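Step one of this worksheet: look at the structure below.
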Amino acid sequence: MPLTVEEARCLYTGADSVHDFDHILRVLALAERIGRAEGADLEIVRTATLLHDWGRSEADAAGQDHAALAAQRAREFLTARGAPSAWIEAVVHAIAAHRFRVAPDPATLEAQVLFDADKLDAIGAIGIARAFAYGGAHGQRLWAPLDEVDLARWEANGDDAAHTPVHEFVVKLARIQERLHTSEGRAIARERHRYMEAFYERLTAEVQGLL
């Protein structure tokens, strides 16, 4: 029996506005679009997408890999529902492989579809909104000159006390389009990337009183 959106919604609690169930729904819409365009198994894509961040808030609080936790939970959940073992493993791999910097790499088309859809939700207009939502929740400034942050240090250690949404664009979001796997995902990323470039250029000009 296919997993429904409402069944999946009940599994998610305690997430912030950046990774709440609205994020799952946005990724699902993208994953279905990309999956159809690329010829992926849409049932694997849908199930993996609905479960890919299950337990994220608990994992983050404990310093665990949220993708590994979600994959473990998905395996147990789908096994209890009587799904075929090979199908379960396809779903589990897609979940385990959706993180940006952590192995395993997505080795199947369905895993690549989920990876791309999840990353696309971090760029474009929604990516900008998420960057500012995260920044506000963590006391970041709205804007700062790029030379105020040691980007090499950020690469090595992650966030920095002076990090802003502008830096998030430069050190991470601007690079996402280079990491995608599918043709459809890359096409979407190019358009979203252009939007972000224009926005951050405009933001800097307004901050400096040029516009």
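Before moving on, here are some points about what is shown:
- Vicinal HN-Hα couplings computed from phi for the stretch 182-189 (Karplus, 6.51 cos²θ - 1.76 cosθ + 1.60; Hz; Gly/Pro x): 9, 5, 5, x, 5, 5, 4, 4
- Ellipticity at 222 nm from helices only: DSSP H runs of n ≥ 4 in the chain, each -39500 (n - 2.57), divided by the residue count, give -19500 deg cm²/dmol.
- Sorted on the mean count of surrounding Cβ atoms within 10 Å across their residues, most packed first, peptides 76-85, 195-204, 117-126, 94-103 read 117-126, 94-103, 195-204, 76-85.
- Centre-to-centre, using Cα atoms only, the stretch 166-206 and the stretch 12-34 are separated by 19 Å.
- Ordering 137, 187, 94 by the projection of their Cα atoms onto the charge dipole of the chain, which places +1 on the Cβ of Lys and Arg and -1 on the Cβ of Asp and Glu, puts 187 at the extreme positive end.
- The slack in the chain from residue 58 to residue 5, taken as 0.36 nm per residue of separation less the alpha-carbon distance, amounts to 17.0 nm.
- The distance separating the Cα centre of the stretch 47-86 from that of the stretch 103-152 comes to 22 Å.
- The chain: relative contact order in percent, alpha carbon pairs under 8 Å with at least 6 residues between: 19
- Charged-residue dipole, Cβ positions (Lys, Arg, Asp, Glu), the stretch 122-211 about Cα centre, Debye nearest 20: 340
- Local electrostatic count at residue 207 - Lys and Arg +1, Asp and Glu -1, tallied over other residues with Cβ under 14 Å: -1
Laboratory data are not the source of any read-out in this text; all were calculated from the coordinates shown. On a predicted model such as this, the values are computed, not experimentally measured, just so you know. So basically every Cβ, Gly included, is an ideal-geometry build from the backbone, and we count neighbours across all protein chains shown.
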